[in-house]
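Undergrad: Here it is, the structure in full.
The values are calculated or read from the model by the stated rules, or taken from the named source; none is laboratory data. What you see is a predicted model, and the numbers here were worked out from it, not measured in a lab. Heads up, the Cβs are rebuilt from the backbone with ideal geometry, glycines too, and the neighbour counts pull from every protein chain shown. The accessibility values were calculated without ligands, DNA or RNA, using every heavy atom of the protein model including side chains. Shrake-Rupley method; radii C 1.70, N 1.55, O 1.52, S 1.80 Å.
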Amino acid sequence: MGHSASVTGPLSPPLPANGGQRLEALHRSSGALTHDLNNLLGVILSANERLAEELSEGGAQQKLALLALEAAERGGELLRRALSLTQATAAPQPDAVDGAQALAALERMAGQAVGPGVRLRVFGSALPLLCRGDRTGLEMALLNLCLNADQAMPDGGRIFVQARRTFVGGADGGRLGLAPGVFIAFTVRDTGPGMSPQVLARATDPLFTTKAAGTGLGLCTIVDFAASCGGAFALQSREGLGTAATLYLPVAEAGQDAVAA
């Protein structure tokens with residue numbers, strides 16, 4: 001039986017004041033944004049290919065066209081962020097985001113992007129799951145995790161996505177580097193081959209990858225996103241039994257910010 005292990009991404013500090021360190025951080029952020037934009041473009045290309053094959057079916061055409069438009073809009077937002085890195089523009093501040101809406105968007109985008117042999121199941125929520133973050137960042141983090149799971153299962157498999165409201169404290173809070181409180185936990189679990197303890201220990205390191213064409217930026221980007229929202233990221237994997245990635249974002253009470261309206 002394989003070894004069981006887990007890893008938690010450390011919280012990242014704000015950009016340092018030192019010029020050289022700041023430049024390095026900016027380069028890293030630019031690469032991460034480019035990585036996410038590439039994922040979105042893959043969704044657009046896949047949607048358009050299927051659209052061309054199904055031109056005779058009006059209903060399906062419209063759904064694919066709307067999906068391509070939605071992904072393009074997210075790509076535009078990421079591009080604006082990339083451009084802002086060269087200007088004195090503040091990064092997006094955490095806002096109140098409905099995680100249930102993010103899950104619905106994820107199901108549309110990831111459902112189009114995963115391979116034909118992979119079955120994706122997203123457990124939505126009839127109730128709002130208000131958390132602190134920004135919607136584009138949350139959707140991109142979840143899409144990253146689904147695409148990672150898809151790529152880990154070239155022969156097919158299953159991906160399960162769900163979100164829950166949970167209290168984090170005690171030993172779990174210490175492991176995650178979080179103060180006691182209520183969080184929305186988004187979990188992406190797959191039935192892939194899992195990771196060895198050695199790979200798992202480095203999985204969130206910048207530029208570390210086991211893929212021939214990988215960038216090593218996907219998971220470290222999620223760690224940074226979680227930290228910027230006051231949350232955390234945890235990764236668990238067992239060889240032969242798959243991987244589970246969980247993104248913790250602080251809960252936002254109803255009535256906070258515009259989303260509550």
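Undergrad: Sorted by packing (mean other beta-carbon atoms within 10 Å per residue), highest first, where do 233-242, 167-176, 60-69, 184-193 land? Display every interim value, and only then the final one.
TA: Numbers: 233-242: 20.1, 167-176: 13.9, 60-69: 15.6, 184-193: 22.3.
In decreasing order of mean packing, 233-242, 167-176, 60-69, 184-193 become 184-193, 233-242, 60-69, 167-176.
Undergrad: Quick one: if the Förster radius is 51 Å, what FRET efficiency do Glu54 and Gln198 give, using the C-beta to C-beta distance and rounding to 0.05? Before the final figure, lay out the partial values.
TA: Details: r = 45 Å, r/R0 = 0.87.
Computed FRET efficiency for Glu54 and Gln198 comes out at 0.70.
Undergrad: Give me a comma-separated list of calculated 3J(HN,Hα) values for region 219-234, in order, Karplus coefficients 6.51, -1.76, 1.60 applied at θ = phi - 60°, integers in Hz, x for any Gly or Pro.
TA: Those phi angles translate into 6, 5, 5, 5, 4, 5, 4, 4, 4, 5, 9, x, x, 7, 10, 10 Hz.
Undergrad: Given labels modelled 7 Å from the Cα in the Cβ direction, how far is it in nm from Gln151 to Arg164?
TA: 2.9 nm
Undergrad: How big is the charge dipole of region 151-236 about its Cα centre, in debye rounded to the nearest 20, if each Lys and Arg gets +1 on its Cβ and each Asp and Glu gets -1 on its Cβ?
TA: Details: 7 positive and 5 negative charges, 36 e Å.
Here the size comes out at about 180 debye.
Undergrad: While we're here: For Asn38 and Leu207, calculate 0.36 nm times their separation in residues minus their Cα-Cα distance, and state this gained length in nm to one decimal. Kindly include the intermediate steps, with their values, before the conclusion.
TA: Details: separation 169, 0.36 × 169 = 60.84 nm, distance 1.62 nm.
Going from the current span to full extension adds 59.2 nm.
Undergrad: Here's a follow-up. Just to confirm, what accessible area per residue do you get for region 155-238 at 1.4 Å probe, in whole Å²?
TA: Per-residue value: 45 Å².
Undergrad: Using +1 at the Cβ of each Lys and Arg and -1 at the Cβ of each Asp and Glu in region 89-180, identify which of Gly169, Leu142, Ala102 lies farthest towards the dipole's positive end.
TA: Final value for the positive-end residue is Gly169.
Undergrad: Carbon and sulfur: what percent of region 102-196's accessible surface (1.4 Å probe)?
TA: Details: 2110 of 4070 Å².
Summing carbon and sulfur atoms, their accessible area is 52 percent of the total for region 102-196.
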